[in-house]
Each structure stands twice: as C-alpha cells, then as structure tokens.
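Taking it in order: structure first as structure tokens, then the write-up.
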Amino acid sequence: MIRICTERDRKWILDYLYQDAAYNIFIIGDIEHFGFDSDFQQVYVETEQDEIRAVFLRYRTNAVYYSKEIYFNPEFIKIFKQYELLFISGKTEVMKEVYPYLKNYEEKPTYFCSTYKEELNIDSKQQIKIKKLTANKDDMNRLYDLLSLITEFAYSAKDRETFVEEKISSISMGDTYYIEEDGIIVSTVAVTAETTINGMVVAVATHPNYRNKGYARLLMTHLMDVYLNRKNKDLCLFYDNPKAGRIYISLGFKPIGTWSMFKKISDAS
C-alpha cells in the first residue's frame, strides 16, 4: 500500500531512513526542517505488513525515491505525475529500477562521498577572511551573480528573485560561506539538508577570473572545521568531475557509492 505521510509518521519514517543516513540526507533534512504539512513538500510511504518498503519525497520540483531493497513499485508513477517534477534522484542501484518508467528524463550519474569525523583532524588556518551568509538580500544577490556564471549549475535559468526567495527560506538548512574581493563574492561553498548528524555540501564555486588561488580549498577546509569539529556532524557531497574528486578525497572525503539524478528534458507525455 502507498499512502501520504503525516506528522504521526515522523519517528517511524526517520528511524527507517536513518539506517542509511548518508543516502537519505535529502529526505531526512527536508522532513526535519519542513515536516509534513507544507504545501511545497509531501512524503509518501509504501508498506507491506506494516513494514516500510519505500519512501518518496517531493520538494517543490525535486523528488527523491529510496528503498533499502533494489526495488520499485510502478504505482509510484501515478504520484510522480501529480507534480511538475524537474528532477528525480536517488541511490543509483535503486534508480535503475525506476528509470524504465521515466519518460523524457536523462540521467546524470555522480560519485557520492562522505567524511568520517572520527578519522579526521581538521586544522583550519584562515589565511583570508571568510564570511558566513546571512538573510541579507544584497549579499544573496551578489551570491546569485557568482552562481549564475557557473554554467554547470544552471542558476542562470532561475530568475534572481526566485533564487533569493528560495535561499532565504532554506538558510536554516545549512551554512553558506564565501570570500569576497572588491565587493564581489568570488568563491563560495554551502551546506543544505543539514540533519542531526550530517549535511550535504553543494554549490562549490569560484568566479572564473579568481580561480587557481586556492579559495575553494580554503572554504572547504573552513566548512569541515565548522561541521566536523564544532557541530560534530559529517559532510556528504556529490561530484562528477575527477579533478574536483581528487581535491575532496585529499581533504578526507571517502567514496561510498554513486547517486543518479534524472532531469526532465521534455514536456511531452
């Protein structure tokens, strides 16, 4: 049986998801921050004899599907079609079961890695001033100016006002740090989907004119100090660029598997 979840399901659902906390970081983070009553988010569960078989979360135009098994019930497709989903993602082994039922989506596979704080000794020497983003709209507009230059992020397809609005609403989900020069934000890194035990690193970016100065590494080291040392939380991240992967691994991240994101490429039915 597949049904929508309510607040009464919180502990039951989270207990299931925390058994594979890294892969479920998006679902866990969204539930812990936004719960079950938001108009932009819904959580569905499939059960069999009162045991969870699968969980599906819709957050705005994004969705995540998860099952401990290599399993997918095609009945979920009816739920997918209720929403304008631009991205559907999950653990690669599980998403292989989903893919045959997705129409007009293309896959972007990525490597997935995580820190293990007990094994790392992070020493963040702040060689340049690093600032933390607040809910200041001017700073968020400057951040948009940087991120919209990074073609692989596709922020340029999102209008400025929407970006600022969404960033303000999600600022409680993780820290964003940046370096600026001459009033311009030139490098940044952020965490989203922060849970009680970990957080997801996203939007690691440096302005094309300010690269090869080590800014991204400085920001990553600072971020790891904040999360692993001060917050006592691990960090996860995706990468598909081997050069970036080597940097993350040199900082102490370890590969744990792969993640697949499916992006909608057509509105055709």
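The values are calculated or read from the model by the stated rules, or taken from the named source; none is laboratory data. In this text the structure is predicted, and so the values were computed from the model without any measurement. Glycine also receives a Cβ, built like all others from the backbone with ideal geometry; neighbour counts cover every protein chain displayed. Remember, those area values only see protein heavy atoms, side chains included, never the ligands or the DNA or RNA. Shrake-Rupley method; radii C 1.70, N 1.55, O 1.52, S 1.80 Å.
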May I ask you to list the residues in the range 211-228 that are among the charged types (D, E, K, R), in a helix (DSSP H, G or I) and without any contact (Cβ under 8 Å) to a residue 40 or more places away in the chain? 217
So is residue 202 aliphatic (A, V, I, L, M) and either more than 18 Å from the chain's Cα centre (by Cα) or open to solvent by 20 Å² or more (accessible area, probe 1.4 Å) (or both) or not? yes
Could you check, for the range 106-128, whether at least one of its residues is at pLDDT 95 or above, more than 24 Å from residue 236 (Cα to Cα) and not aliphatic (A, V, I, L, M)? no
Need the failing condition index for residue 194 against (1) within 20 Å of residue 119 (Cα to Cα); (2) assigned to a loop (DSSP other than H, G, I, E, B); (3) not hydroxyl-bearing (Ser, Thr, Tyr), just the number. (1)
For the range 1-66, which strands (runs of 3 or more DSSP E) that fit wholly inside it have 2 or more residues that are under 17 Å from residue 85 (Cα atoms)? 41-48, 51-59, 62-66
Would you mind stating whether residue 77 is hydrophobic (A, V, I, L, M, F, W, C), over 19 Å from residue 57 (Cβ atoms) and out of contact with any Lys or Arg (no Cβ under 8 Å at 6 or more places or on another chain)? no
Out of the residues in the range 118-143 that are in contact with a strand residue (DSSP E or B) (Cβ under 9 Å, 6 or more places away or on another chain), among the aliphatic types (A, V, I, L, M) and part of a loop (DSSP other than H, G, I, E, B), which is nearest to residue 171 (Cα to Cα)? 133
Residue check, residue 103 against (1) touching a residue at least 24 places away in the same chain (Cβ under 8 Å); (2) within 19 Å of residue 223 (Cβ to Cβ); (3) in a loop (DSSP other than H, G, I, E, B), all met but one. Which one? (2)
Among the residues listed as 146, 85, the single one being open to solvent by less than 20 Å² (accessible area, probe 1.4 Å), part of a loop (DSSP other than H, G, I, E, B) and within 30 Å of residue 171 (Cβ to Cβ): 85
Among the residues of the range 26-77, which ones are open to solvent by 20 Å² or more (accessible area, probe 1.4 Å), touching a strand residue (DSSP E or B) at 6+ places or on another chain (Cβ under 7 Å), more than 19 Å from residue 103 (Cα to Cα) and of a type in the set (S, T, N, Q)? 42, 47
How many residues does the range 219-263 hold that are of a type in the set (A, V, I, L, M, F, W, C), at pLDDT 95 or above and either open to solvent by less than 50 Å² (accessible area, probe 1.4 Å) or on the phi > 0 side of the Ramachandran plot (or both)? 13
I'm told residue 162 meets every condition in (1) free of Cβ contacts under 8 Å to residues at least 12 places away in the same chain; (2) within 19 Å of the chain's Cα centre (by Cα); (3) over 23 Å from residue 238 (Cα atoms); (4) open to solvent by 50 Å² or more (accessible area, probe 1.4 Å) except one. Can you identify the failing condition by its number? (4)
Can you tell me which of (1) over 29 Å from residue 172 (Cα atoms); (2) open to solvent by 90 Å² or more (accessible area, probe 1.4 Å) is the one residue 93 doesn't meet? (2)
